[in-house]
Amino acid sequence: MRRLWILLTFVVFALLLGAPVVRIAMGAWDQGWSGFAGGLTRPEALHALWMTTLIVIAVTVINTFFGVMLSLYLVRAAWLGPKLKKLMNSIVDLPFAVSPVIGGLMIVLILGPETALGGLLGSAGIKIVYALPGMMIATLFVTFPLVIREVMPVLQEIGNQQEEAASTLGAYGWTTFWRVTWPSIRWSVVYGVVLTVARALGEFGAVLVVSGNILFKTQTATTLVYQDVENFNLTSANSVALVLAAGSVALLLLMEWAKSRQGHH
Amino acid sequence: MSSTLQSRWWGWGFRSAVMLYFVLLIVFPILGIYGQSLSAGWGAFADNVTEPLAWKAVALTVKLALIATIINVLIGTMAGWVLIRYRFPGRKLLNSMVDLPFALPTAVAGLMILLLLGPQSPVGQWAERLGFTILFHQPAIVIAMVFVTFPFVIRAVQPLLEEMDPAEEEAAYTMGATKAATFFRVILPNMAPGIASGAMLAFSRALAEFGAVVLVAGNIPGKTLIASVYIFGEIESDNVVGATAVSVILLTFSFLILWFVNHLQTRRKGR
């Protein structure tokens with residue numbers, strides 16, 4: 001009985017997770033090395049990967065900073081009432097429930113060229129939608145809860161005794177944070193950052209809607225894969241997809257590592 | 001004195017910046033979409049929702065997401081159980097592979113399924129001989145949804161199994177219960193809250209999925225067009241009211257599920 005269950009689990013994992021990864025790794029090589037390299041070094045592929053890199057860096061930095069600050073406020077701040085904290089706490093999760101396409105649509109509705117705000121910014125020469133800033137905002141929206149959801153439980157668990165002790169002893173806010181709070185939340189922040197990078201790297205729906213997927217302008221790696229598939233250009237799609245998949249597997253390993261550190265911080 | 005004053009200014013500045021960021025990035029867009037859907041009045045909203053292709057897309061999404069969730073409950077409960085209870089070579093590897101669908105870009109997942117099930121692939125040809133096609137039909141959508149939501153049930157069940165008191169199980173055996181009876185009477189009730197919340201998260205994610213599905217679904221209106229792809233199509237053809245109307249229905253659905261899961265979890269913790 002026990003053997004059967006283990007075997008069945010292996011079969012499910014092999015079919016559902018193993019086979020697709022192996023297939024894409026093989027697909028990228030079906031025209032040899034030149035097919036893979038050719039698909040990857042196309043000017044549009046290089047540009048798309050560059051856009052993705054820019055988005056990942058900007059989004060990770062911004063959301064890590066705001067995520068850690070907001071978690072601190074939501075757990076510790078005395079100037080927020082408990083009811084407001086509870087309300088905000090449930091709003092934090094909302095981006096998880098929003099379909100990425102809808103997330104993109106929201107940004108187009110508020111900042112698109114036909115709206116009041118978008119028109120105002122447009123006349124000042126700032127393009128948001130169908131340009132890089134809009135794509136960043138879309139990704140910021142989608143990845144917003146990730147850091148907070150990792151950091152908040154740890155903050156709640158460690159309590160604020162140590163922090164209070166530090167400030168009673170005369171330490172300033174910053175010193176208390178870096179010397180007392182940071183060492184205990186460090187690995188949760190790392191874990192949240194890895195999740196954010198993975199999600200920002202792979203975001204597709206929201207970016208597709210906001211970017212308009214314009215070649216050499218607003219195309220990212222994932223929207224390029226989409227366009228290649230639509231054009232039946234499967235080998236090229238495969239090579240870009242393989243790079244993305246390799247990136248996610250590397251991030252997955254990093255996650256495992258961060259998780260094991262989180263366990264005994 | 002001046003340093004305390006300065007730090008108070010800093011603190012105030014940080015607070016307003018963080019709160020402003022929160023409101024502008026999260027609250028404002030969500031309120032915006034609800035407002036926009038009603039901007040042309042209730043009549044236009046109702047027209048767009050009752051448009052046959054629109055409600056067919058929503059109904060199809062709900063149906064397929066339900067099927068995917070049921071599949072995930074079955075294989076997720078099994079995998080969660082095996083990974084926690086049994087020790088065997090390769091267990092750690094499988095356990096780290098669980099999160100793969102979360103780490104993988106959804107467009108890449110869609111491409112993988114497309115290649116694996118396409119008409120030229122062994123699976124596609126085998127299905128062809130049996131007289132049905134998978135790709136660009138409903139089964140492909142279900143497979144994409146199952147893949148994307150695979151980790152939810154497993155990750156929700158595992159901590160419950162880890163916390164479970166082995167004494168309960170032992171007591172059942174001592175009193176002469178069979179293995180099956182112990183599982184259904186003792187173990188399963190303990191896992192049930194995890195299965196329920198994992199299933200609901202998987203369901204809400206499956207409702208919202210776009211990237212993996214759009215590549216494999218074929219997107220034939222009324223047949224394989226799911227809600228998120230329908231919304232995308234409406235945006236492309238500049239029918240903003242139609243897009244927002246369906247969005248609002250989908251969003252309300254997901255919010256209710258999320259709220260219910262949170263409620264379930266806080267109640268469990270409170271006990």
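Structure data summary
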item: Of B:44, B:57, B:202, the one that fluctuates the most in a GNM where chain B has Cα springs shorter than 10 Å; result: B:44
item: Total lysine pairs under 14 Å (Cα atoms) in the protein assembly as shown, excluding pairs fewer than 8 apart on one chain; result: 4
item: Nearest-ten-degree value, helix A:100-111 long axis tilted from longest Cα axis of chain A; result: 70
item: Charge dipole (debye, nearest 20) of the protein assembly as shown; +1 at Cβ of Lys and Arg, -1 at Cβ of Asp and Glu; result: 1200
item: Förster-model FRET efficiency, 35 Å R0, residue B:168 and residue A:162, C-beta, rounded to 0.05; result: 0.40
item: Charge sum, other residues only, whose C-beta stays under 15 Å from residue A:132's C-beta, Lys/Arg counted +1 and Asp/Glu -1; result: +1
item: Over region A:34-263, relative contact order from alpha-carbon pairs under 8 Å, at least 6 apart, %; result: 33
item: Heavy atoms of residue B:63 accessible to a 1.4 Å probe, total area in Å² rounded to 10; result: 100
item: Top of B:120, B:158, B:138 by mean-square fluctuation, Gaussian network on chain B, Cα under 10 Å; result: B:120
item: Tensor-based shape of region B:177-271 (alpha-carbon gyration tensor, a/c under 1.5 rounded, otherwise prolate or oblate); result: oblate
item: Max mean-square fluctuation residue, GNM over chain B, Cα-Cα springs under 10 Å, options B:61, B:50, B:77; result: B:50
item: Kirkwood hydrodynamic radius over Cα pairs of chain B, then Stokes diffusion coefficient at 25 °C and 0.890 mPa s, in µm²/s; result: 113
item: Estimated [θ] at 222 nm from DSSP helical runs (n ≥ 4, -39500 (n - 2.57)) normalised by residues in chain B, nearest 500; result: -25500 deg cm²/dmol
item: Chain A shape via C-alpha gyration tensor axes, a/c threshold 1.5; result: oblate
item: At R0 = 30 Å, FRET efficiency that the Cβ-Cβ distance of residue A:65 and residue A:131 yields, to 0.05; result: 0.85
item: Kirkwood-type radius of region B:90-143, with distances r between different C-alpha atoms, in Å; result: 12.5
item: FRET efficiency, residue A:31 to residue B:85 (Cβ-Cβ, R0 56 Å, nearest 0.05); result: 0.75
item: Residue A:253 - accessible surface, heavy atoms, 1.4 Å probe, Å² rounded to 10; result: 120
item: Crossing angle, helix A:43-76 versus chain A [Cα axis fit, 0-90 degrees, rounded to tens]; result: 20
item: Region A:27-88-region B:64-100 distance, computed between alpha-carbon centres (Å); result: 27
item: Residue list for region B:174-215, given a label point 7 angstrom along the Cα-to-Cβ vector of residue B:262 and an amide N cut-off under 15 Å; result: B:201
item: For region A:26-35, 3J(HN,Hα) per residue [Karplus equation, 6.51 cos²θ - 1.76 cosθ + 1.60, θ = phi - 60°, Hz, x = Gly/Pro]; result: 6, x, 5, 9, 5, 10, x, 4, 5, x
item: Student exercise, chain B dipole from Lys, Arg, Asp, Glu Cβ charges, in Debye to nearest 20; result: 680
item: Distant alpha-carbon pairs in the protein assembly as shown (separation over 29 angstrom), percent; result: 55
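The values are calculated or read from the model by the stated rules, or taken from the named source; none is laboratory data. Predicted model only: the values in this text are computed from it and were never measured. Here Cβ is always computed from backbone atoms with ideal geometry, including for glycine, and neighbour counts include all displayed protein chains. Surface areas here come from the heavy atoms of the whole protein model, side chains and all, with no ligands, DNA or RNA. Shrake-Rupley method; radii C 1.70, N 1.55, O 1.52, S 1.80 Å.
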